[in-house]
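Worksheet for the structure shown next.
The values are calculated or read from the model by the stated rules, or taken from the named source; none is laboratory data. Here the structure is a predicted model, which is why all the values come from computation and not from measurement. Cβ atoms come from the backbone with ideal geometry, glycine included; neighbour counts cover every protein chain shown.
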Amino acid sequence: MKKLFVCLSAFYVALAVSADVIVMKSGAKFIGTVKHISGGTIEFSSEDVGDVKIKQDNVVSMTTDAAKPVEYVDESEASGVVACSNGVYSLDGKDLDMKQVKAVVPKKESWHGSVNLSASAARGNTVSETVTLMADAARRWENDRFTAAAAYYFAQSGDSKESKQKTDDRFEIQAQEDHFWTKMFYSYVNGKYEYDRIMNLDYRLRLGAGLGLPWLEGRSFDGLGIWSFNQELGASWVKERYESAFTDDYAAFRYAHHLAWDPGWLDGFKFTHNFEYLPDTADWADNYIIDSDFGFTYAFKANWQLLGKIEWDYKSQVAEGTKHSDLRYTLGLGYKW
């Protein structure tokens, strides 16, 4: 029995030694597996606490029992035993500059996206309903990236059920495929379809191609969080038809940029900004489209998130009796995967 006890004790000690260990400033110790490190956050899994996210500022030391993959911002890779002591990381005993590291144990690429819903209703002096539904999906491969998004906006209001009138009835869907020739250069093809009953727009179809520069892609800066920023320049073909039988068909230049920012010190928050400008190649000053938005998501529990968004669309030439611009505010609940 004594020998059995000794063997079991040695076995459990071996398990503890072979595990990754994190020591907190509070004195608490976590034993388990480092799942991912980026942006000053350690994703850790153990039987005691499950899956947790630990801020680097709260850690005194970390050691891994075996080699971990490391991906640098220049897309090169390495592997080795990773350790951390008082904020200083090392790889196989040599100092590791985390400014040059994209991630330790990089996450495997897979499909991810979200579905977000915002709705409201009123009864009494005002009778109204408002619904906004947004969805997106994306995936990144070694040399390719695919993104898609769709949205539907509906609103009606009046002082009674019989007097209700639509104030918003719009749908749009878009997709883009990027091919990375180098880590700092890619080509793209994209398309977008939309209709807007309030603007009397039967449809607008855009097809385009061009080049992009990913200046930042998941780049971490000390105290400033994780940033992604890219710019695109290309050409598009635009065809649109209005209920008034007014039609337009033209070639356009396209400029766009996309910004994503995870501040890090605002746990769970992520901010985004997108801008797109398409002027007619034959009539720059009088015929153009501008789409712009600014938004945020806040991941508050499991895969649930709060979404807020401001969108501004402008079209210089519109159907008679309609306005050139639309400004929309959205605040809703979403689920991401």
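Would it be correct to say that Ser110 is loosely packed, with under 15 Cβ neighbours inside 10 Å, in contact with a strand residue (DSSP E or B) (Cβ under 9 Å, 6 or more places away or on another chain) and either outside any strand (DSSP E or B) or not β-branched (Val, Ile, Thr) (or both)?
Yes, satisfied.
Kindly provide the set of residues from the range 156-208 that are among the polar types (S, T, N, Q), under 26 Å from Tyr242 (Cα atoms) and modelled with pLDDT of 95 or more, ordered by number.
Taking the range 156-208 first, the residues among the polar types (S, T, N, Q) are 156-157, 160, 163, 165, 167, 174, 176, 182, 187, 190, 200.
If we keep only those that are under 26 Å from Tyr242 (Cα atoms) too, we end up with 156-157, 163, 165, 167, 174, 176, 190, 200.
The answer is Gln174, Gln176, Asn190.
Between Met134, Met62, Met98, which is touching a Cys at 6+ places or on another chain (Cβ under 6 Å) and either modelled with pLDDT of 90 or more or within 22 Å of Met24 (Cβ to Cβ) (or both)?
None of the other options fit; the residue is Met62.
Hey, does the range 70-81 have a residue that's part of a loop (DSSP other than H, G, I, E, B), among the hydroxyl-bearing types (Ser, Thr, Tyr), assigned by TED's automatic domain parsing to the domain that holds Met24 and exposed (fewer than 15 other Cβ atoms within 10 Å of the Cβ)?
Within the range 70-81, one or more residues are part of a loop (DSSP other than H, G, I, E, B), among the hydroxyl-bearing types (Ser, Thr, Tyr), assigned by TED's automatic domain parsing to the domain that holds Met24 and exposed (fewer than 15 other Cβ atoms within 10 Å of the Cβ).
Within the range 47-55, can one find any residue that is under 29 Å from the mean Cα position of the chain (by Cα) and part of a loop (DSSP other than H, G, I, E, B)?
Restricting attention to the range 47-55, the residues satisfying the condition of being under 29 Å from the mean Cα position of the chain (by Cα) are 49-55.
After this cut, where a residue has to be part of a loop (DSSP other than H, G, I, E, B) as well, the list is 49.
Yes.
Step by step: first the residues of the range 144-171, then only those that are farther than 12 Å from Leu133 by Cα and basic (Lys, Arg), then the one that is surrounded by the most Cβ atoms within 10 Å (Cβ to Cβ). Which residue is that?
Looking at residues that are farther than 12 Å from Leu133 by Cα and basic (Lys, Arg), I get Arg145.
Give Tyr193, Tyr188 a once-over and let me know the one that is in a strand (DSSP E or B) and in contact (Cβ under 8 Å) with a residue 40 or more places away in the chain. Don't jump to the end; show me each part of the working.
Values: Tyr193 fails: in contact (Cβ under 8 Å) with a residue 40 or more places away in the chain.
Within the list Tyr193, Tyr188, the selection yields Tyr188.
Can you pull out every residue in the range 263-311 that is on the phi > 0 side of the Ramachandran plot, surrounded by fewer than 16 Cβ atoms within 10 Å (Cβ to Cβ) and touching a residue at least 12 places away in the same chain (Cβ under 8 Å)? Spell out the reasoning first.
If we filter the range 263-311 for residues that are on the phi > 0 side of the Ramachandran plot, which is where we start, we get 264, 268, 302.
With the extra rule that they be surrounded by fewer than 16 Cβ atoms within 10 Å (Cβ to Cβ), the set shrinks to 268, 302.
Hit for the range 263-311 is Gly268, nothing else.
For Tyr288, state whether it is of a type in the set (Ser, Thr, Tyr) and farther than 30 Å from Lys53 by Cβ. Explain how you work it out, then say what you get.
Values: of a type in the set (Ser, Thr, Tyr): yes; farther than 30 Å from Lys53 by Cβ: yes.
Yes; evaluated as a whole, the condition is true for this residue.
Has the range 155-163 got any residue that is in the same structural domain as Leu211 (by TED's automatic domain parsing) and under 19 Å from the mean Cα position of the chain (by Cα)?
No: the range 155-163 contains no residue that is in the same structural domain as Leu211 (by TED's automatic domain parsing) and under 19 Å from the mean Cα position of the chain (by Cα).
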